[in-house]
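Here's the structure we're looking at; comments come further down.
The values are calculated or read from the model by the stated rules, or taken from the named source; none is laboratory data. Everything numeric here is computed off the predicted structure, so don't read it as measured data. For neighbour counting, all protein chains shown are included, and Cβ atoms are generated from backbone atoms with ideal geometry for every residue, glycine included. Surface areas here come from the heavy atoms of the whole protein model, side chains and all, with no ligands, DNA or RNA. Shrake-Rupley method; radii C 1.70, N 1.55, O 1.52, S 1.80 Å.
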Amino acid sequence: MKLFTKLATATALTMGLSTSAMAQVELEWWDFLAGGDGVRMKALIDEFNAEHPDIQISGTTLEWGLPFYTKVRTATAVGQGPDIMTYHLSRLPLALEEDVLTPITDAEMDAAGLSKSDFFEASITAASTDDGQLMAVPFDIHAVVAYYNKTALEGTEWLGEDGNLTGIDSIEDMTALLQWAKAEGFSDPLSFQSEGGGGTWRMFYTLLRQQGGEMITDGEVLAGENMDKAVKSIQILADWRAEGLIPEQAAYEASVALFSGQKAVMHINGVWEVPTFKDSAADGSLGFDWFANEVPQMLDQPATWADSHAFAIPNNPNMTEEEREAALTVIGWMQQHSLAWADAGHIPAYKPTVDSDEYAALEPNATYASLAENAAFDPRSKIAGVASPVYDAVDNLIAPAIHGFLSAEDAAAQMKDQLQGLMN
């Protein structure tokens, strides 16, 4: 199918705007998007403003993580929040507890030219309450993927004729690949951010979910057999570190540099690094052919850590009907133009974009888009999500265990105790 057919007439015909709403509406927009994401979002906002003289977005970018969500909470509490904002779906449980978002009805989705069925199920589930009330509209699914050095793997059993990874169906298969790479002179065969909670959490959680494990069930952290699965996940990473197959305490930038500098044959990181490697390959500084696939299924089921950027409307009692209608127009337009956002490596949550001919030509995105069906979102809990206590526990307990300062059993047990105390 060709993109951009469904919403061609939606704005004028379905919004049902009153005459007064046709006067220019100014929307205050907050996001946390820096780097390439920030550049692309600013371009989208500028394009929207140019096409909509009756609606003008005034954008503000705040600091990513805890500072952003603290600002949203305090501003909403005094009725001074924005009209529309970006939001991580992993933070939705805490948002519900703090009452900072307003529900988005099916009628409002229809008015924006959208339907829940237009989006990948995992992202809609993450954007909704337990009883199905939509609280935000997903814009993407951003997950970790396996970047790899195609040049180095050429002619090996791990690179298929189509240029994709093959033969990695177990932890033993992955270990064999990494051991081979070590013997070939790659000092840190598999690089990821092994210093800090972010990268380590994504690796740990991917392994946990590939076992069918759950971090939190019915209000209990690592209940029952989930404890054993957590220990196994930590031990896998600790064993790789003991063999020198993953780096010691690699900060984020260093983990990327290990792959770019051909010290690692594989790099597991977010899809947001796709532009980095594309740009380096284009200017000739990379020095090898690369590609990216969905993280291989090494355990019982396919699963990959994921989150979503979404659009949300804060709980602002001072928001007018015209402003809310305008915000819905923005949300619908952004989905219609999400191919531009995909250029940052993200998988659009809006399925018509992913199903389009244009997206099919976008690589490696089109190849790893399969992970949208296997997306493992963070636990639905107020203590989980971006910049949460879960990240802190991983940084303080799991990372040290991986690097040999704590046993896997002790790390998992202490994490359970630490997090369980925050659940009430």
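Quick rundown of the values:
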read-out	value
Residue within segment 385-394 that is at positive phi and at pLDDT below 95 present	yes
Residue in segment 19-41 that is modelled with pLDDT under 95, open to solvent by less than 20 Å² (accessible area, probe 1.4 Å) and over 22 Å from the mean Cα position of the chain (by Cα) present	yes
Odd one out for Gly167 among (1) open to solvent by less than 50 Å² (accessible area, probe 1.4 Å); (2) touching a residue at least 60 places away in the same chain (Cβ under 8 Å)	(2)
Subset of segment 389-402 [within 19 Å of Asn269 (Cα to Cα) and open to solvent by less than 10 Å² (accessible area, probe 1.4 Å)]	Val390, Val394, Ile398, Ala399, Ile402
Exclusive hit being free of Cβ contacts under 8 Å to residues at least 60 places away in the same chain, within 21 Å of the chain's Cα centre (by Cα) and within 30 Å of Tyr69 (Cβ to Cβ), set Ala360, Ala387, Ala369, Ala376	Ala369
Any hit, segment 298-310, residues being among the polar types (S, T, N, Q), crowded, with 23+ Cβ neighbours inside 10 Å and touching a strand residue (DSSP E or B) at 6+ places or on another chain (Cβ under 9 Å)	yes
Matching residues, segment 136-156, being part of a helix (DSSP H, G or I) and either buried (at least 22 other Cβ atoms within 10 Å of the Cβ) or touching a helix residue (DSSP H, G or I) at 6+ places or on another chain (Cβ under 8 Å) (or both)	Ala152, Leu153
Residue in segment 80-91 that is open to solvent by 30 Å² or more (accessible area, probe 1.4 Å) and within 28 Å of Trp333 (Cα to Cα) present	yes
Total residues in segment 373-415, condition under 24 Å from Leu94 (Cα atoms), assigned to a helix (DSSP H, G or I) and touching a helix residue (DSSP H, G or I) at 6+ places or on another chain (Cβ under 7 Å)	12
Yes/no for Asp140 being out of contact with any Leu (no Cβ under 8 Å at 6 or more places or on another chain) and at pLDDT below 95	no
Qualifying residue in segment 52-65 (condition: open to solvent by 40 Å² or more (accessible area, probe 1.4 Å) and free of Cβ contacts under 8 Å to residues at least 12 places away in the same chain)	no
Subset of segment 182-196 [open to solvent by 10 Å² or more (accessible area, probe 1.4 Å) and not hydrophobic (A, V, I, L, M, F, W, C)]	Lys182, Glu184, Gly185, Ser187, Asp188, Gln193, Glu195, Gly196
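Yes/no matrix, rows are residues, columns are (1) under 26 Å from Ser381 (Cβ atoms); (2) open to solvent by 40 Å² or more (accessible area, probe 1.4 Å); (3) of a type in the set (Lys, Arg):
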| position | (1), (2), (3) |
| --- | --- |
| Ile236 | yes, no, no |
| Trp240 | no, no, no |
| Ile246 | no, no, no |
| Ser260 | no, no, no |
| Lys263 | no, yes, yes |
| Pro275 | no, no, no |
